[in-house]
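The values are calculated or read from the model by the stated rules, or taken from the named source; none is laboratory data. Quantities reported herein were computed from a predicted structural model and do not represent experimental measurements. In this analysis, Cβ positions are derived from the backbone assuming ideal geometry, glycine residues included, and neighbour counts consider all displayed protein chains.
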Amino acid sequence: QALLHRIAPASEVAPVGRDHVLYRSFYLIDAPMGRTRTHDHVLGVQDEGRLRALVMRNDLGGALAETNDGLPAYPCTPGGNVQREWAVRFGVNILLYATCTDYKADRAHVETLLRARRWR
């Protein structure tokens, strides 16, 4: 967060709301998870409604890190492998948002996603 203020001092770092397309760009995510689960939101810098930078304080990189043997490098606490799976899913959402921006915010997608969410 401090680094973002040094790079772009005029930018406001603020929580990214749960209604943001980042939470549904591929997987329906309720909360961002990483190696830890201490924060229930991510922070971002938005410009004209689009995220330009993202700050995740739950150590997403630690959840995705692997040893040379392909095994997890760090434990995910408190949720173990289930938490790691959700971290991977959130990582996929971040990548899709970065490459496809907000096409999932279209009204047709929102209605379909809301119906699917009711089935959970």
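Scanning region 15-45 for residues that are farther than 20 Å from Leu95 by Cα and out of contact with any Ser or Thr (no Cβ under 8 Å at 6 or more places or on another chain), we see that the one that is surrounded by the most Cβ atoms within 10 Å (Cβ to Cβ) is His39. Is region 60-79 home to any residue that is within 17 Å of Asn93 (Cα to Cα), surrounded by 17 or more Cβ atoms within 10 Å (Cβ to Cβ) and touching a residue at least 60 places away in the same chain (Cβ under 8 Å)? No: region 60-79 contains no residue that is within 17 Å of Asn93 (Cα to Cα), surrounded by 17 or more Cβ atoms within 10 Å (Cβ to Cβ) and touching a residue at least 60 places away in the same chain (Cβ under 8 Å). Checking every residue in region 26-37 against the condition of being under 26 Å from Leu3 (Cα atoms), touching a helix residue (DSSP H, G or I) at 6+ places or on another chain (Cβ under 9 Å) and among the hydroxyl-bearing types (Ser, Thr, Tyr) gives at least one match. Evaluation of Glu48 against the conditions (1) under 17 Å from Val21 (Cα atoms); (2) surrounded by 10 or more Cβ atoms within 10 Å (Cβ to Cβ) shows that the sole unmet condition is (2). Looking at region 19-32, is at least one residue modelled with pLDDT under 90, of a type in the set (Gly, Ala, Ser) and part of a loop (DSSP other than H, G, I, E, B)? Yes: region 19-32 contains one or more residues that are modelled with pLDDT under 90, of a type in the set (Gly, Ala, Ser) and part of a loop (DSSP other than H, G, I, E, B). Does region 57-75 contain any residue that is aromatic (Phe, Trp, Tyr), part of a loop (DSSP other than H, G, I, E, B) and at pLDDT below 95? The answer is no, given that none of the residues of region 57-75 is aromatic (Phe, Trp, Tyr), part of a loop (DSSP other than H, G, I, E, B) and at pLDDT below 95. Do we have any residue at all in region 80-96 that's of a type outside the set (Val, Ile, Thr), over 19 Å from Asp40 (Cα atoms) and modelled with pLDDT of 75 or more? Yes, there is a match, as at least one residue in region 80-96 is of a type outside the set (Val, Ile, Thr), over 19 Å from Asp40 (Cα atoms) and modelled with pLDDT of 75 or more. Within region 34-64, being touching a Phe, Trp or Tyr at 6+ places or on another chain (Cβ under 8 Å) and basic (Lys, Arg) holds for one residue alone: Arg35. Restricting attention to region 34-51 and to residues that are charged (D, E, K, R) and part of a loop (DSSP other than H, G, I, E, B), the residue that is nearest to Glu66 (Cα to Cα) turns out to be Arg35.
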